[in-house]
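The values are calculated or read from the model by the stated rules, or taken from the named source; none is laboratory data. Here the structure is a predicted model, which means the values were calculated and not measured. We place every Cβ from the backbone using ideal geometry, glycine too, and count neighbours over all the protein chains shown.
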Amino acid sequence: AATADRAPIDGDTLARELGQVAPNEARSAWTEHGLATFAYGDGAGRVRVTLTRDHRGPGASLRLLPAEAPALSSLGLDGVADWLRDRGLIVIAGPSGSGKTTTLASLVRALGEQRRRVVAIEDPIEIVHVSAWISQRAVGEHVPSVGDGVAAAMREGADAIVVGAVGSAGDAAGVIEAVSGGHLVLTTQVAPRAAVALDRMLDRVPAEQRDGARALCGDALLGTIGPVVTRSGRSFEVAGGRRRAVS
């Protein structure tokens, strides 16, 4: 971006600089399709990068990510820790930028602290966990797809399976498969509010399978968490499915 004493970055420079840090898969997707997302960084923190192209040339948006996952207590979500000891589905929902990634990472951290074996399928890996109990796998790098990653996690006997985001029919199918296998499953969904998160996810399921998927997920739903950005910071809309943890 331009400042009073610095000229804007031209497209060629942007493409060259970001091309050096982008993984091969992201670089290829950006070149071929004009859109790619990846994350990179070190111990000081990470950045999620979305690469785009339009009539002006290459572009990018960057979002800073926490260097480590926050504790549930720091978010005021101590009450949902009990959900993590059960089997079922937890959905974190909200608009882009509301804090879904950070909230999910906090829950995953808590699972690691409970010594639960966690397999997280992410696209891309955003907040890195250091716990030996947590295995993070990037789609396209460590597993071919969300479905393949979920199937492997089920075969390994994971206590909890995390699907970073449900953005396609394949992602939704992976979540439903894990839920039907009796696992604890955590995922995020872009939705205007948590109350409609499950419906939004199930909209991606083929129509002929939707009623069965709705019954399965509705029965398995442990709760939804909706991060809400306010002027004073962030609050959470939390509702239990089979039981309430925070009112």
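If you go through region 196-208 and keep only what is surrounded by fewer than 22 Cβ atoms within 10 Å (Cβ to Cβ) and either within 14 Å of I225 (Cα to Cα) or touching a helix residue (DSSP H, G or I) at 6+ places or on another chain (Cβ under 6 Å) (or both), you end up with V196, L198, L202, R204, V205.
Does R210 qualify as being of a type in the set (D, E, K, R), assigned to a strand (DSSP E or B) and in the same structural domain as G140 (by TED's automatic domain parsing)? So R210 does not fit the description; no. Only residues that are touching a Leu at 6+ places or on another chain (Cβ under 9 Å) and either in a strand (DSSP E or B) or outside the structural domain of A172 (by TED's automatic domain parsing) (or both) were counted across region 107-150, and they come to 3. Screening G140 with (1) touching a helix residue (DSSP H, G or I) at 6+ places or on another chain (Cβ under 7 Å); (2) at pLDDT 95 or above gives one miss only, at (2).
Every residue, every condition in (1) within 22 Å of T37 (Cα to Cα); (2) in contact with a strand residue (DSSP E or B) (Cβ under 6 Å, 6 or more places away or on another chain); (3) surrounded by fewer than 16 Cβ atoms within 10 Å (Cβ to Cβ), yes or no:
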residue	(1), (2), (3)
L111	no, yes, no
V118	no, yes, no
P124	yes, yes, no
H129	yes, no, no
A132	no, no, yes
R137	yes, yes, no
V146	yes, yes, no
A152	no, no, no
V175	yes, yes, no
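Of everything in region 180-195 that's among the hydrophobic types (A, V, I, L, M, F, W, C) and touching a Lys or Arg at 6+ places or on another chain (Cβ under 9 Å), which residue is surrounded by the most Cβ atoms within 10 Å (Cβ to Cβ)?
Ranking the qualifying residues of region 180-195, first place goes to V185.
Reported count of residues in region 30-76, each being hydroxyl-bearing (S, T, Y) and part of a strand (DSSP E or B), is 5.
Restrict the check to region 229-239 and report whether at least one residue is among the aliphatic types (A, V, I, L, M), touching a strand residue (DSSP E or B) at 6+ places or on another chain (Cβ under 9 Å), exposed (fewer than 15 other Cβ atoms within 10 Å of the Cβ) and under 24 Å from G99 (Cβ atoms).
Of all residues in region 229-239, those among the aliphatic types (A, V, I, L, M) come to 229, 238-239.
Filter once more, so that each one left must be touching a strand residue (DSSP E or B) at 6+ places or on another chain (Cβ under 9 Å): 229, 238-239.
This time we only want the ones that are exposed (fewer than 15 other Cβ atoms within 10 Å of the Cβ), so: 229.
Add one more test, that the residue is under 24 Å from G99 (Cβ atoms), and what stays is 229.
Scanning region 229-239 turns up at least one residue that is among the aliphatic types (A, V, I, L, M), touching a strand residue (DSSP E or B) at 6+ places or on another chain (Cβ under 9 Å), exposed (fewer than 15 other Cβ atoms within 10 Å of the Cβ) and under 24 Å from G99 (Cβ atoms).
Filtering region 18-66 to residues that are within 22 Å of H142 (Cβ to Cβ), touching a residue at least 12 places away in the same chain (Cβ under 8 Å) and among the basic types (K, R) leaves R46, R48.
Looking at region 142-158, can you tell me whether even one residue there is of a type in the set (K, R) and without any contact (Cβ under 8 Å) to a residue 12 or more places away in the chain? Checked region 142-158: at least one residue is of a type in the set (K, R) and without any contact (Cβ under 8 Å) to a residue 12 or more places away in the chain.
The combined condition, being within 18 Å of E122 (Cβ to Cβ) and not in a loop (DSSP other than H, G, I, E, B), is not fulfilled by G223.
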